[in-house]
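Enquirer: First, the structure itself, so that you have it in front of you.
The values are calculated or read from the model by the stated rules, or taken from the named source; none is laboratory data. These numbers were taken from a predicted model, which means no experiment stands behind them. Because the Cβ atoms are built from the backbone with ideal geometry, glycine has one as well, and the counts that use them run over all protein chains shown.
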Amino acid sequence: MATGLYNFSKKSGEVPSAANMRFGIVVATWNSNVTERLLEGAIAGLVKAGCHESNISVKYVPGTVELTLGAQFFAEYTDVDAVIVLGCVIQGDTRHFDFVCQSVTQGVTQLMISWNMPIAFGVLTTDNLEQAMDRAGGKLGNKGEEAAATAIQMVALQNEMDLASEANGVRRDNTPATPTPSRDGGNNKVN
């Protein structure tokens, strides 16, 4: 949906508390004049929701394509609850724009599914620098802050679903929460 028609952070309702949540933020250094403003918005959004700054870890990658692997590193090597990816791709004269946008979109989607972890997509794909700046703290808000709100809401949803599944006796991997008895009455010892 077009940004001018919808501002997620203003219309998505109250953002849950992020007081006990941990976040990783991966920032592309390409177009850093834009991505640093997105980062400021993301951190401000997390802190505003109660996340302690010590629970926010920021890492940088060279460009937007590398955001997916940077997010995977957070999933693989840390204990964050969610990752926020921040980048900016501005349309140029070649089709490179299309390949970069498609790569990061598909990569982040696949990563969320394979790691079962919320990864908020704060990547701007604009026609020009003016549009990017409008979305990085300008007249159309800050998409970094919106990505932070998305990450918080998705962690809250995942936590809610975890609690509900535990109450129903099922773990996240769809196995029973209590061990099933063995066929030999529990006398199966591993040597």
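Enquirer: Across segment 149-172, what is the number of residues that are at pLDDT below 90, in a helix (DSSP H, G or I) and exposed (fewer than 12 other Cβ atoms within 10 Å of the Cβ)?
Expert: Quick first cut of segment 149-172, residues at pLDDT below 90 only: 162-172.
Subsequent filtering for residues that are in a helix (DSSP H, G or I) retains 162-167.
Subsequent filtering for residues that are exposed (fewer than 12 other Cβ atoms within 10 Å of the Cβ) retains 163-164, 167.
The number of residues fulfilling the criteria is 3.
Enquirer: For segment 73-95, give me each residue that is buried (at least 20 other Cβ atoms within 10 Å of the Cβ) and in a strand (DSSP E or B).
Expert: Correct list: ALA82, VAL83, ILE84, VAL85, LEU86, GLY87, CYS88, VAL89.
Enquirer: Please work out which residue is surrounded by the fewest Cβ atoms within 10 Å (Cβ to Cβ), limiting yourself to segment 25-37 and to residues that are touching a Cys at 6+ places or on another chain (Cβ under 7 Å) and in a helix (DSSP H, G or I).
Expert: THR35
Enquirer: Further, regarding this structure: Mind listing whichever residues of segment 124-167 are closer than 22 Å to GLU14 by Cα and of a type in the set (Asp, Glu)?
Expert: GLU145, GLU146, GLU160, ASP162
Enquirer: Tell me whether segment 96-110 contains one or more residues that are buried (at least 20 other Cβ atoms within 10 Å of the Cβ) and farther than 14 Å from LEU67 by Cβ.
Expert: No, there is no match, as no residue in segment 96-110 is buried (at least 20 other Cβ atoms within 10 Å of the Cβ) and farther than 14 Å from LEU67 by Cβ.
Enquirer: Identify all residues within segment 77-98 that are over 21 Å from ASN31 (Cβ atoms) and touching a residue at least 24 places away in the same chain (Cβ under 8 Å); write none if there are none. If you could, list the steps in order and put the result at the bottom.
Expert: Within segment 77-98, the first condition is being over 21 Å from ASN31 (Cβ atoms), and the residues that meet it are 77-82.
Those that are over 21 Å from ASN31 (Cβ atoms) and touching a residue at least 24 places away in the same chain (Cβ under 8 Å): THR78, ASP79, VAL80, ASP81, ALA82.
Enquirer: For segment 41-56, how many residues are surrounded by 15 or more Cβ atoms within 10 Å (Cβ to Cβ) and either acidic (Asp, Glu) or part of a strand (DSSP E or B) (or both)?
Expert: Of the residues in that region, 1 qualify.
Enquirer: Follow-up. Could you figure out which of (1) modelled with pLDDT under 95; (2) outside any loop (DSSP other than H, G, I, E, B); (3) among the polar types (S, T, N, Q) isn't true of SER17?
Expert: Result: SER17 fails condition (2) only.
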